[in-house]
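Written out below as structure tokens is the structure these notes cover.
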Amino acid sequence: MSAITRPSDTYSPLYFLASLGAGGLAVTFFMWLMHWIPHPGQTVPVFEDILAAFTSGGVLVQGMIAVALIGIAVFAGLNLKLLVWNLRRYAAWTKSDAYASFAKTNAQSQVMALPLALAMSVNVMFVLGMVFVPGLWSVVEYLFPLAMVAFLAIGALAFKLYAGFLGRVLTEGGFNCAANNNFGQVLPAFAFAMVGVGLAAPAAMSTLPAVAGLGLVFSTFFLMTAALIAVVAMVLGLRAMMEHGANPETAPTLSIIVPLLAVLGILSLRQSHGLETHFGAQAMAGDTLLTLAKFLSVQVLFLLFAGFILIRQGYAQRFLFGRETSPGSYALVCPGVGFAVLLHFFVNRGLVDAGLIAKFGPTFWALTAVALVSQVAMIWLVFQLNRRHFGAPNPAAPVPAE
């Protein structure tokens with residue numbers, strides 16, 4: 001690669017993760033509004049709730065709301081900007097010789113980052129509508145069917161892309177098990193789960209049983225799809241790592257289970273709320289607490305596991321601060337975002353609702369501070385990676401993730 005080019009000039013579908021990470025950060029700011037201001041009458045805060053809280057709140061509340069809205073606007077804008085950039089580059093890249101070679105390797109499954117990013121952007125646009133559009137909730141029942149159609153279309157695209165990969169390796173062979181010493185093959189599961197959590201939104205928010213029921217059925221289908229792929233991919237990846245060691249360039253994929261669990265956890269909460277509202281399945285605070293505790297526990301275990309490997313390999317010194325670059329570094333943003341989001345739910349929908357801690361008490365803020373630290377760290381990481389990959393020319397050649 002020429003010394004005057006940027007790493008992003010050598011395209012990889014993993015750059016869709018740059019858009020995904022920015023969208024995830026927009027969601028972390030929405031968590032402030034969702035859990036810290038009242039929103040009676042619906043499961044999420046909307047423009048009118050935010051305006052009422054801002055008008056009646058003190059300086060700290062007004063400052064929090066202002067920062068949250070700015071954060072949502074900035075990172076939603078970055079999410080959509082990077083999505084458009086990726087779509088344009090991806091369209092040109094698929095016509096190149098580089099893509100032809102890429103499509104014969106294990107890395108072909110990385111194209112699943114496309115539907116993953118698309119699904120996240122649909123969720124981000126829904127967040128933008130809720131917080132910035134007055135009166136949206138009065139027409140939301142018309143929007144839910146449209147959103148479901150959009151997510152089903154993205155799901156169909158995801159199946160098409162994944163079928164292209166599976167069809168090749170299962171009929172022609174050529175899957176390199178030795179080079180599968182990472183959790184990169186879990187990425188398709190993450191994509192299907194993101195579609196599923198979008199389809200679960202009408203299940204939790206719609207007042208129409210038919211719409212909620214469809215959301216439950218469709219989201220369950222994608223939930224099971226994601227779970228099956230994740231289990232198989234983890235077993236194959238762990239076997240290769242035990243034999244060959246973890247690939248240093250793709251080591252960030254070891255933490256992909258963390259955001260996957262965050263998405264599946266939110267999906268489960270949405271389904272539980274829909275079942276309680278429309279179908280008489282009473283959700284107990286203790287059950288919700290236990291479910292969230294299980295998801296969070298596995299998140300922590302995988303953060304420790306991935307962190308140990310990354311530290312042993314000196315990943316940060318090489319790819320975050322050194323001369324080497326890899327688009328796979330953007331996979332590090334998703335775990336921090338997923339952990340922060342699920343921790344917010346654990347504190348508010350788990351501990352607080354179960355009566356174990358007082359809302360806005362010392363323990364509440366001590367635990368919430370952990371989520372905020374993770375959020376701030378990921379904000380720094382996004383800007384650090386964007387500077388390295390999209391900023392001034394980097395004299396180092398990027399390392400392709402496989």
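So which residues in region 132-170 are touching a Leu at 6+ places or on another chain (Cβ under 7 Å) and under 26 Å from GLY71 (Cα atoms)? Matches in region 132-170: PHE151 only. Under 30 Å from ASN247 (Cβ atoms), out of contact with any helix residue (DSSP H, G or I) (no Cβ under 7 Å at 6 or more places or on another chain) and among the small types (Gly, Ala, Ser): which single residue out of GLY280, GLY286, GLY314, GLY336 fits that description? Criteria check complete, one pass: GLY314.
For region 189-206, the candidate set comprises residues that are of a type outside the set (A, V, I, L, M) and buried (at least 24 other Cβ atoms within 10 Å of the Cβ); within that set, the residue that is nearest to the chain's Cα centre (by Cα) is PHE190. Given the condition out of contact with any Lys or Arg (no Cβ under 6 Å at 6 or more places or on another chain), without any contact (Cβ under 8 Å) to a residue 60 or more places away in the chain and farther than 22 Å from GLY71 by Cα, answer yes or no: does some residue in region 327-338 qualify? Scanning region 327-338 turns up no residue that is out of contact with any Lys or Arg (no Cβ under 6 Å at 6 or more places or on another chain), without any contact (Cβ under 8 Å) to a residue 60 or more places away in the chain and farther than 22 Å from GLY71 by Cα.
From the list LEU356, LEU296, the lone residue that is more than 24 Å from SER8 (Cβ to Cβ) and either modelled with pLDDT under 95 or not in a helix (DSSP H, G or I) (or both) is LEU356.
For region 191-223, the set of residues classified as in a helix (DSSP H, G or I) and over 20 Å from LEU118 (Cα atoms) consists of ALA203, ALA204, MET205, PRO209, ALA210, VAL211, ALA212, GLY213, LEU214, LEU216, VAL217, listed by residue number. Restricting ILE309, ILE229 to those that are within 27 Å of ASN181 (Cα to Cα), assigned to a helix (DSSP H, G or I) and touching a Pro at 6+ places or on another chain (Cβ under 8 Å) reduces the list to ILE229.
Looking at the structure I just gave you, is PRO209 of a type outside the set (D, E, K, R), surrounded by fewer than 24 Cβ atoms within 10 Å (Cβ to Cβ) and either in contact (Cβ under 8 Å) with a residue 12 or more places away in the chain or more than 20 Å from VAL263 (Cα to Cα) (or both)? Explain how you work it out, then say what you get.
On the way: of a type outside the set (D, E, K, R): yes; surrounded by fewer than 24 Cβ atoms within 10 Å (Cβ to Cβ): yes; either in contact (Cβ under 8 Å) with a residue 12 or more places away in the chain or more than 20 Å from VAL263 (Cα to Cα) (or both): yes.
Judged against the criteria, PRO209 is a match.
A Cβ distance below 9 Å, combined with a sequence gap of six or more or placement on separate chains, defines the contacts here; from region 356-385, residues that are within 13 Å of THR28 (Cα to Cα) reach no residue that is exposed (fewer than 13 other Cβ atoms within 10 Å of the Cβ). For the criterion of being touching a Gly at 6+ places or on another chain (Cβ under 9 Å), surrounded by 15 or more Cβ atoms within 10 Å (Cβ to Cβ) and more than 26 Å from PHE165 (Cα to Cα), LEU136 passes. Evaluate the following for THR43: is it polar (S, T, N, Q), in contact with a helix residue (DSSP H, G or I) (Cβ under 8 Å, 6 or more places away or on another chain), surrounded by fewer than 18 Cβ atoms within 10 Å (Cβ to Cβ) and part of a loop (DSSP other than H, G, I, E, B)? In short, yes.
Given the options ALA119, ALA68, ALA76, ALA156, name the one that is among the small types (Gly, Ala, Ser), in a helix (DSSP H, G or I), modelled with pLDDT of 95 or more and surrounded by fewer than 18 Cβ atoms within 10 Å (Cβ to Cβ).
ALA156
Does ARG270 qualify as being more than 21 Å from SER121 (Cβ to Cβ), out of contact with any Leu (no Cβ under 8 Å at 6 or more places or on another chain), among the basic types (Lys, Arg) and part of a helix (DSSP H, G or I)? Against the criterion (more than 21 Å from SER121 (Cβ to Cβ), out of contact with any Leu (no Cβ under 8 Å at 6 or more places or on another chain), among the basic types (Lys, Arg) and part of a helix (DSSP H, G or I)), ARG270 does not qualify. When you scan region 241-263, do you find a residue that is more than 20 Å from GLN110 (Cα to Cα) and crowded, with 24+ Cβ neighbours inside 10 Å, even just one? Yes, some residue in region 241-263 is more than 20 Å from GLN110 (Cα to Cα) and crowded, with 24+ Cβ neighbours inside 10 Å. Screening PRO40 against (1) modelled with pLDDT under 95; (2) of a type outside the set (Ser, Thr, Tyr); (3) more than 30 Å from ALA203 (Cα to Cα) leaves a single unmet condition, (3).
Check off (1) more than 15 Å from the chain's Cα centre (by Cα); (2) among the β-branched types (Val, Ile, Thr); (3) closer than 19 Å to TYR315 by Cα for VAL235 and give me the number that stays unchecked. Result: VAL235 passes all but (3).
The values are calculated or read from the model by the stated rules, or taken from the named source; none is laboratory data. This one's a predicted model, so the numbers in the text were calculated from it and none came from an experiment. Methodologically, a virtual Cβ is constructed for each residue, glycine included, from the backbone with ideal geometry; neighbour enumeration extends over all protein chains shown.
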